[in-house]
There are 6 protein chains.
Amino acid sequence: MAIISQKTALVVSAHSADFVWRAGGAIALHVERGYQVHIVCLSYGERGESAKLWRKGSMTEEIVKASRHAEAEAAANVLGASIEFFDMGDYPLRADKEDLFRLADVFRRVQPHFILTHSLADPYNYDHPLAANLTQEARIIAQAEGYRPGETIIGAPPVYCFEPHQPEQCGWKPDVLLDITSVWEKKYAAIQCMAGQEHLWEYYTRVALQRGVQAKRNIGIASNQIIIHGEGYQSLFPRVTEDLS
Amino acid sequence: MAIISQKTALVVSAHSADFVWRAGGAIALHVERGYQVHIVCLSYGERGESAKLWRKGSMTEEIVKASRHAEAEAAANVLGASIEFFDMGDYPLRADKEDLFRLADVFRRVQPHFILTHSLADPYNYDHPLAANLTQEARIIAQAEGYRPGETIIGAPPVYCFEPHQPEQCGWKPDVLLDITSVWEKKYAAIQCMAGQEHLWEYYTRVALQRGVQAKRNIGIASNQIIIHGEGYQSLFPRVTEDLS
Amino acid sequence: MAIISQKTALVVSAHSADFVWRAGGAIALHVERGYQVHIVCLSYGERGESAKLWRKGSMTEEIVKASRHAEAEAAANVLGASIEFFDMGDYPLRADKEDLFRLADVFRRVQPHFILTHSLADPYNYDHPLAANLTQEARIIAQAEGYRPGETIIGAPPVYCFEPHQPEQCGWKPDVLLDITSVWEKKYAAIQCMAGQEHLWEYYTRVALQRGVQAKRNIGIASNQIIIHGEGYQSLFPRVTEDLS
Amino acid sequence: MAIISQKTALVVSAHSADFVWRAGGAIALHVERGYQVHIVCLSYGERGESAKLWRKGSMTEEIVKASRHAEAEAAANVLGASIEFFDMGDYPLRADKEDLFRLADVFRRVQPHFILTHSLADPYNYDHPLAANLTQEARIIAQAEGYRPGETIIGAPPVYCFEPHQPEQCGWKPDVLLDITSVWEKKYAAIQCMAGQEHLWEYYTRVALQRGVQAKRNIGIASNQIIIHGEGYQSLFPRVTEDLS
Amino acid sequence: MAIISQKTALVVSAHSADFVWRAGGAIALHVERGYQVHIVCLSYGERGESAKLWRKGSMTEEIVKASRHAEAEAAANVLGASIEFFDMGDYPLRADKEDLFRLADVFRRVQPHFILTHSLADPYNYDHPLAANLTQEARIIAQAEGYRPGETIIGAPPVYCFEPHQPEQCGWKPDVLLDITSVWEKKYAAIQCMAGQEHLWEYYTRVALQRGVQAKRNIGIASNQIIIHGEGYQSLFPRVTEDLS
Amino acid sequence: MAIISQKTALVVSAHSADFVWRAGGAIALHVERGYQVHIVCLSYGERGESAKLWRKGSMTEEIVKASRHAEAEAAANVLGASIEFFDMGDYPLRADKEDLFRLADVFRRVQPHFILTHSLADPYNYDHPLAANLTQEARIIAQAEGYRPGETIIGAPPVYCFEPHQPEQCGWKPDVLLDITSVWEKKYAAIQCMAGQEHLWEYYTRVALQRGVQAKRNIGIASNQIIIHGEGYQSLFPRVTEDLS
């Protein structure tokens, strides 16, 4: 099957726009390098992250969800990723065992080589840590031989937490700075699909520029490598390697 | 010069045996891959880590130091690294500005692609954190254009803290597990050069086996990669990359 | 409406007496300064914090709850605050979505200028962190345009965690010391309403005196301001200001 | 009753083998000293920790559970402890109020002088922290006069978290090193009952040796006490004592 | 004296440009509100933060220092603050008792109502934490009646750590967001005095915009207050207040 | 010698009164149980902790020191401990190698079974952490065979940090609560020797009562043990034991 012969990645987004601001560069970069990247949006962010739509008046949850669905699909398209929607509701996001198994089944199907999701804490947003923990637990279940015995279990793909809106308040500390300079145009095109949150376009452009400067600083100013845009990630597991340079 | 055309690494060891237990695998592994690895021993550990010698009776500090010098040189030889001794004294290790500049000058000369040193805390051993901080500050000074202007500054090589004797008590958390299976025999041969601390041979053999099991667990039990021996490291700076898998 | 023209505050208490020991001073102080302060007691503490009543014999949960209700109402009265009881049960306190929405609706109704609740951790009491997290999440939901669209959303009022019984064990670190000297008599009168927990009266008197000394120390012994009694609080969000003195 | 006249301990294990690797020494040691030690296994680990069984083919959850039940019972027998199984399921372990009360009732019945359970965090295993939190909350409920009024409440027995598989990744830091040298043979016999996880036998033998060396180091190399094997524990509450030596 | 009748603030900067990027807004804001703000530059940053000058060739430390002196004086002028230079050297910055007393004497003279300095940790820059600790200790000494007995001791002015270059790597978490919108033009004019570090102008403009957005988020999107530019600070002591809103 | 046949303890106090407030109970308790307790005061606290004396006017450092010496000697006498004064100066306390060796020699002479000193952090007092670190390093040196070879080295006695003035601000978390009820009168008598700091008498009486209540809470309210006064301590090393109850 295609999935097995190709490298894959899985992105779990609490609301339908999170993956764009926070991981659009990583998605585009790995798609360009031949990965199949699959995105799961647990909710549309219909209640909590669609203020602009609700202010239009005569709005219903269905219309909001449809609009958010379209935007996210367009962004995924720009980035080159596949996308699915769990429609679990937001503010609050809640997950029962069936939701957990549904996500574990995606892990089994996708067999990701790495995973991107939210930070484990966020005092401004309780849906984000819930998504991160659900992702972590689904990964563990998909590793278990006794879950749907006979299916191919997954390995131990690294999990990276993407940058929250106010990083220091979330106890988030990046240990990976990803150089996304080569795909920035694509990320910004995806950002522009998010018509309902235009106030964030420039905010996340600046985030990318700051992480770019920091990445450059962390390879040394004497280096010839040009880095303009970056994304920060925090790993949840140690990296296994044979090379320290 | 040879140094420039070849990848290099620098190891800073508070006492003359630390590099063997804690980083022998990394040194051997990178030497085999073509790196020139250089070791600086700040002291011989003549007071604090030579109990077996002192118990022999009619011992002097000079004899202890000579014995430790010979052991460390033999171990470096086995591992394939060059070594030098600063002879700064131990228990307590203390560093003034001249020591700092001396180490900064080694950074300038070696131009290391990565650095290995101690953890930043160790309630059992105050020399270890001092060595780590001295290393960090020397690296910063070697990066400064205004220090010995005209010399080639160094880049921003990653710094890894190697495993202390009682890791949890030192707040040390490995984020890198190095697979040293292929060079274990060489590391154990270097360990055996440390005749004065034979009680530690099996201790650090077990450390290597435990980190090996953990490394295997962190790549997934389904993986075909065989890992028997490992070394753990904690990074002090974020890693800059274009690849998350 | 009155609520809109007046400054308001909301206190969320896991059990019906918590607000007295931990926030009685803040409540009285702000009531005196013109705030309308509203208290929500999630439970009566009927199981876990009514030992003296249960030891009387021939007691039922209803009698305990009625007794606790009366005490808490009397204390709120002394402090000048309004109070309501959710009667969600204690030991364990548990909250479902409806409880969360019920509390979010209180936020919408009260439109608080600040919020007081429990610390986020307490190894001696699992109801306290649950109350704190429920409060935080209700605040987030009450901020969302998509929750009960058309209602007035709340702003971003600061949240302060009040002092737990054994502060260091809870990882609680006060960053605000409130001078409650001027209202101490009122707080102590409210404390005396808690007939079922008389063993705590002197304990929390001493807490107030210690925090008072510390407040004095933090403004400097040279200051003319007299502070005798204090209450400590930990903020969960950064403070936005134009004044650093 | 026998329970009252004898010292007792309670061990809460998420899966049916955890108590062997992590607390077998403490159990055997205290049994030898006259304690009645009781073990509760919340699940059999049938899904997540029985890979070897599942790989045999034509396996069912019932057969796995029966096999794990037999192994755990044999191990408890070797150690001299009583054991019961809650069969709550694993991967994921989930607990509702009835599970909590069931465990609180065990606390009431056993009246333990100390408690052993899992660490509060484990990114590799979400069942472990859930077991630890369930244990902590059950202990709190069993302390409450208002829970099943009239029953004898429990005191405030210390709670110790046993060592997780990758300790540094779990933020686990031992503050107690238990000398299990005298009962090591018994612990290793119990370990050998775990036929389904033979790959862990040597791993946990090495853990015992490492903790033994560290215990020796923490009493001083000059001491005459011989310590070969150890187990590490992290306390969750301060220790009350009259003796600091 | 004028100093006593006027509110004052003290800024301690490790290198001669730090105060501009990190605290220029706070300085300008408080000057506009009538404070006398005094800046102490411990060094010129002549070695470590003057790369552009050194690259010009035929440069000496004296010329670099003179250039940095002029830039910093111009920036202080734009901001409306007084400035003095301790010329202690950088890379490494080192302080002996005399340096400590010299700074304590500035505290005594200025009698500051608040203090701004560096963060307590910075793995990229060892001079910054040294400056922060020197400032903290000088403040303590200036509080002591027994230091230069007879002089007026200082009170307990709050200390705020300003934002380091890579905040998460420094463990810095802002608990104060200062609205500097009204003085941004002045801060940017001061920034432009730093001809030698032009690459940082846009970096710190973006920092100000990001902190502005976050400040707005922390007062609530429904608020009428317009915040465009911000500066973040971390307090080292609890705040004493009578007002929680 | 007497020292060897008797249990001993060592207390290292930055200033001459610290041991009274913070460890008076532990000293008296262990003296009553037959320990020889020895106190080292590194300084008299002549500058920083003698405000009342300095305010008397026509005071000199010599008179202050003499007065502090007399008070501390009287307090040690009441507690039954021996005492010596290093007179290293305070505000700032500074230690060179000779000071370190002098303290290591006290360790060698006293051969303590446990050690009491300050917390490792204190933002209000830089002398306290310096004293704690000096003590820790002196203990390490006294353990080394190569320091003054031929002398009897010390073992690995536990180190306990006593309670700082504002515990949460110092990151101090007690893991030991010492029951000092039986010696409280003696501690309070020692406290009363500190005529120069009368404002602290009641503060530390309340500290003792609060820690007493917490100790009682941590053994369980159902226990028959009466605890009125307590002292809190934080251990720096794991405890080695064979008993978990």
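Some points to look at:
- Hits in the range E:158-194 - residues which are modelled with pLDDT of 95 or more, assigned to a loop (DSSP other than H, G, I, E, B) and farther than 12 Å from residue E:23 by Cα: E:158, E:165, E:166, E:171, E:172, E:173, E:174, E:175, E:192, E:193
- Flag for residue A:94 being within 14 Å of chain C (Cβ to nearest Cβ) and under 24 Å from residue D:91 (Cα atoms): yes
To keep it simple, each residue is scored yes or no on (1) of a type outside the set (Phe, Trp, Tyr); (2) under 19 Å from residue A:131 (Cα atoms); (3) out of contact with any His (no Cβ under 6 Å at 6 or more places or on another chain).
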residue	(1), (2), (3)
A:21	no, yes, yes
A:29	yes, no, yes
A:36	yes, no, yes
A:41	yes, yes, yes
A:47	yes, yes, yes
A:52	yes, no, yes
A:58	yes, no, yes
A:91	no, yes, yes
A:110	yes, yes, no
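- In this entry, residue F:88 passes the filter for residues that are over 22 Å from residue F:190 (Cα atoms), part of a loop (DSSP other than H, G, I, E, B), in contact with a Leu (Cβ under 9 Å, 6 or more places away or on another chain) and touching a residue at least 40 places away in the same chain (Cβ under 8 Å).
- Residue count for the range F:80-110, restricted to those that are surrounded by 19 or more Cβ atoms within 10 Å (Cβ to Cβ), in contact with a strand residue (DSSP E or B) (Cβ under 7 Å, 6 or more places away or on another chain) and among the small types (Gly, Ala, Ser): 1
- Verdict on residue F:214 being touching a helix residue (DSSP H, G or I) at 6+ places or on another chain (Cβ under 7 Å), within 24 Å of residue D:159 (Cα to Cα) and in a helix (DSSP H, G or I): no
- Where a residue in the range B:171-183 is on the phi > 0 side of the Ramachandran plot and its partner, wherever it lies, is outside any strand (DSSP E or B) and modelled with pLDDT of 95 or more, with Cβ under 6 Å and at least six apart: B:171/B:121
- Residue match in the range F:111-119 (condition: surrounded by 23 or more Cβ atoms within 10 Å (Cβ to Cβ), among the β-branched types (Val, Ile, Thr), outside any helix (DSSP H, G or I) and within 10 Å of another protein chain (Cβ to nearest Cβ)): yes
- Pick from the range B:19-56, criterion in contact with a Phe, Trp or Tyr (Cβ under 8 Å, 6 or more places away or on another chain) and either without any contact (Cβ under 8 Å) to a residue 12 or more places away in the chain or charged (D, E, K, R) (or both), ranking: farthest from the other protein chains (Cβ to nearest Cβ): B:22
- Here is the figure for the range D:61-85: residues that are closer than 24 Å to residue A:151 by Cα and either within 9 Å of chain A (Cβ to nearest Cβ) or in contact (Cβ under 8 Å) with a residue 12 or more places away in the chain (or both) total 5.
- Within the range A:62-89, the set of residues being out of contact with any helix residue (DSSP H, G or I) (no Cβ under 9 Å at 6 or more places or on another chain) and not small (Gly, Ala, Ser) comprises A:62, A:65, A:69, A:73.
- Boolean, residue B:127 is in contact with an Asp or Glu (Cβ under 7 Å, 6 or more places away or on another chain), modelled with pLDDT of 95 or more, within 26 Å of residue B:174 (Cα to Cα) and not aromatic (Phe, Trp, Tyr): yes
- The set of residues in the range A:163-208 being hydroxyl-bearing (Ser, Thr, Tyr) and more than 8 Å from chain E (Cβ to nearest Cβ) consists of A:181, A:182, A:188, A:204, A:205.
- Flag if residue F:132 is assigned to a helix (DSSP H, G or I), in contact (Cβ under 8 Å) with a residue 12 or more places away in the chain, touching a His at 6+ places or on another chain (Cβ under 6 Å) and under 14 Å from residue F:13 (Cα atoms): yes
- Candidates are the residues of the range E:209-233 that are in contact (Cβ under 8 Å) with a residue 24 or more places away in the chain and more than 9 Å from chain C (Cβ to nearest Cβ); the one that is farthest from residue A:197 (Cα to Cα) is E:231.
- The range A:37-66, residues that are surrounded by fewer than 21 Cβ atoms within 10 Å (Cβ to Cβ) and polar (S, T, N, Q): A:58, A:60
- Among residues of the range B:194-218, those that are under 10 Å from residue B:177 (Cβ atoms) and either surrounded by fewer than 17 Cβ atoms within 10 Å (Cβ to Cβ) or of a type in the set (D, E, K, R) (or both), counted: 3
- Positions within the range A:110-125 being over 14 Å from the mean Cα position of the chain (by Cα), under 16 Å from residue C:136 (Cβ atoms) and hydrophobic (A, V, I, L, M, F, W, C), in sequence order: A:121
- Residue A:70 vs. criteria aliphatic (A, V, I, L, M), buried (at least 17 other Cβ atoms within 10 Å of the Cβ) and part of a helix (DSSP H, G or I): no
Results for (1) more than 13 Å from the chain's Cα centre (by Cα); (2) among the acidic types (Asp, Glu); (3) more than 11 Å from every other protein chain (Cβ to nearest Cβ), shown as yes or no for each residue.
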residue	(1), (2), (3)
B:105	yes, yes, yes
B:127	yes, yes, no
B:133	yes, no, no
B:142	yes, no, no
B:157	yes, no, no
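- Residue B:123 passes every criterion in (1) within 24 Å of residue B:237 (Cβ to Cβ); (2) touching a Leu at 6+ places or on another chain (Cβ under 6 Å); (3) at the interface with another protein chain (Cβ under 9 Å from one of its Cβ atoms) apart from (1).
- Residue in the range E:148-157 that is of a type in the set (Ser, Thr, Tyr), outside any loop (DSSP other than H, G, I, E, B) and surrounded by fewer than 24 Cβ atoms within 10 Å (Cβ to Cβ) present: no
- Some residue of the range E:14-30 being surrounded by 18 or more Cβ atoms within 10 Å (Cβ to Cβ), over 22 Å from residue B:150 (Cα atoms) and more than 15 Å from the chain's Cα centre (by Cα): no
- Output for the range D:234-245, where each listed residue is more than 7 Å from every other protein chain (Cβ to nearest Cβ) and at pLDDT 95 or above: D:234
The values are calculated or read from the model by the stated rules, or taken from the named source; none is laboratory data. Everything quoted here is computed from the prediction, not taken from an experiment. Please note: Cβ atoms are built from the backbone with ideal geometry, for glycine as well, and neighbour counts cover all protein chains shown.
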